[in-house]
Amino acid sequence: MEKKGALKELGKFKKRWDKWDICLFAAALGFYLFFPLFDGPVWCKDSPSYATMNITREPLYPTFLLIFRKLFGEEGYLMPVVVAQSILAAYATWKLAVTVKEYKNGSRLLALLSVCFQFGVTFLCRFVAIRGSSYIDSIMTEGLGLSLYVLFIVQLYKYVVEEKTGNLAGTAFYAFLLVNLRKQMLVSLCLMAAVFLLYYLVKERRGKKLILLLGITAGIFIACRFTDKLYNFCVRGAWIEHSGTAMGMLCTLIYTSDEEDAHLFEDEVLRGLYEEISEEADRQGLKITYAPEGWVDLSSHYADSYDAIGYGIINPVVQGYIKENMEASEIEAVLKYDEYCGDMTKILLGQEKGDLIRVYAANAWKGFVNSIARVNRLLNIYAVIAYLLYLGLYGYWVWEKKCWAKRDRSAALAEVVLGGVIINSLVVGAMIFCQPRYMIYNMGLFYTALSVLMYDRAEAVLSGRQMSDSRGKESA
């Protein structure tokens, strides 16, 4: 009996550490380590704010950099940082591939395609995109975020399929890290809530389990706010969250506002700040009034105007007013800045919504396109075809297998990934311009899910032909 048990355990170990899987991980590791070895650490525009633990930044990435600074010193810590990011990227790519392989009857083809799609995203960023560098070896949140998001999707997908506590814990853990990495990643909590609602309300109507899962999701959000305040308390001695969250929506509202919106302000200080910001934005041609026709040109004009309004106008005007009119400490000045921006945002939400809706629609659609391709006239058409193909294959699979109310592995992957694309595009589109940097989180995942749907359809067609051939032989 002991011998049989030992053989069984050995079999499990061999299955778990398949040689092909090990080779796949080695290939992923070699690919991602190439970039830091070839390019070295890439210092970007936003890198100093993370390295100096700026008050506008979320806690995780500055802390990550601090740990490496302590371990390797101020002069030599950047290379170990990007090597660590590369190792994480290799693990995330490998984990996605072996999960797909495990759930699709050991298909090495699908696993290999999954790896290639993830490689493709990094390759395009380095050798095709204007930025000319991969995010993996950049000192930016995306260096960790892209990989953590893939691991989050894997865990969420596995929980949907298996409904195991370990997978739920993994989902919650990666969501917690993502939200502490950058506020955009609140989309991970939105996706969790959407998936739980789909499966436990729409499909299965399990109310008690749904309440528990939504409670966990809300708990992660509360925990992230706590860690944000704890981080700032440790760094600055102030129990506050990071600054600058109110400026994002304000940039959009300034972009779509006009002269008549000044009457919305009752407070003289806020009206004065708004009028100064609005007049300067008008002078520089940074409002929707100056945007060309067409959604592509509108979204591009909005993207070009966004940072110019925020960093070029709002920051100097509001911070300058605070400096000139108040005797405030650094923390007090930051809190006052957030208060002014937040109040102006609330008031400007009362503006006419026509232009705001136009900008949102154009920007969100740009997000959908940039999630799987790149906005230009040809690829815009391609994106429509790709989404229609995805939806068509998904719909046909669900109809053919009658698996809407079941936890079908292919359908679940398609739903989770498409949910990620939709939520990221809609949420980011409402807050900031949808540049590729914010949208590529789902790119490799989309094509992985699409390849699974195409594989299933091809397999169904081939098995159907084989059955008809065998029937023909029997009748003959």
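Within the range 333-342, can you find the residues that are open to solvent by less than 50 Å² (accessible area, probe 1.4 Å) and touching a residue at least 60 places away in the same chain (Cβ under 8 Å)? Step through it out loud before you land on a result.
Taking the range 333-342 first, the residues open to solvent by less than 50 Å² (accessible area, probe 1.4 Å) are 333-334, 337-338, 340-342.
Result: V334, Y337, D338, Y340, C341, G342.
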Item to check | Candidate set from the range 385-420 (those that are in a helix (DSSP H, G or I), open to solvent by 60 Å² or more (accessible area, probe 1.4 Å) and out of contact with any helix residue (DSSP H, G or I) (no Cβ under 9 Å at 6 or more places or on another chain)); member that is farthest from Y200 (Cα to Cα) | outcome: I385
Checklist entry - Are there any pairs with C-beta distances below 6 angstrom linking a residue in the range 75-87 that is surrounded by fewer than 23 Cβ atoms within 10 Å (Cβ to Cβ) to a residue that is part of a helix (DSSP H, G or I) and not aromatic (F, W, Y), with the two at least 6 apart or on different chains, and if so which? => result Y77/R69; V83/P36
Next on the checklist: Can you find, within the range 97-106, the residue that is farthest from F64 (Cα to Cα) among those that are surrounded by fewer than 24 Cβ atoms within 10 Å (Cβ to Cβ) and not β-branched (V, I, T)?
Outcome noted: N105
Next on the checklist: What's the number of the only condition in (1) open to solvent by 20 Å² or more (accessible area, probe 1.4 Å); (2) within 30 Å of G354 (Cβ to Cβ); (3) part of a helix (DSSP H, G or I) that E266 fails to meet?
Outcome noted: (3)
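Test R358 against the criterion of being touching a residue at least 12 places away in the same chain (Cβ under 8 Å), over 23 Å from S278 (Cα atoms) and open to solvent by 50 Å² or more (accessible area, probe 1.4 Å), and give yes or no.
On the way: touching a residue at least 12 places away in the same chain (Cβ under 8 Å): yes; over 23 Å from S278 (Cα atoms): no; open to solvent by 50 Å² or more (accessible area, probe 1.4 Å): yes.
Considered against the rule, which asks whether it is touching a residue at least 12 places away in the same chain (Cβ under 8 Å), over 23 Å from S278 (Cα atoms) and open to solvent by 50 Å² or more (accessible area, probe 1.4 Å), R358 comes out as no.
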Item to check | Of all residues in the range 306-323 being open to solvent by 60 Å² or more (accessible area, probe 1.4 Å) and over 31 Å from the mean Cα position of the chain (by Cα), the one that is farthest from E339 (Cα to Cα) | outcome: K323
Checklist entry - Within the range 49-61, is even one residue among the acidic types (D, E) and surrounded by 21 or more Cβ atoms within 10 Å (Cβ to Cβ)? => result yes
Checklist entry - Just checking, which of K183, K158 is open to solvent by 50 Å² or more (accessible area, probe 1.4 Å) and in contact (Cβ under 8 Å) with a residue 12 or more places away in the chain? => result K183
Item to check | S134 open to solvent by less than 10 Å² (accessible area, probe 1.4 Å), over 21 Å from Y199 (Cα atoms) and in a loop (DSSP other than H, G, I, E, B) | outcome: yes
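The values are calculated or read from the model by the stated rules, or taken from the named source; none is laboratory data. Computed from a prediction, not measured in an experiment: that's the story for all the values here. Reconstructed Cβ throughout: ideal geometry from the backbone, glycine too, with neighbour counts over all protein chains shown. These accessible areas exclude ligands, DNA and RNA; they are computed on the full protein's heavy atoms, side chains included. Shrake-Rupley method; radii C 1.70, N 1.55, O 1.52, S 1.80 Å.
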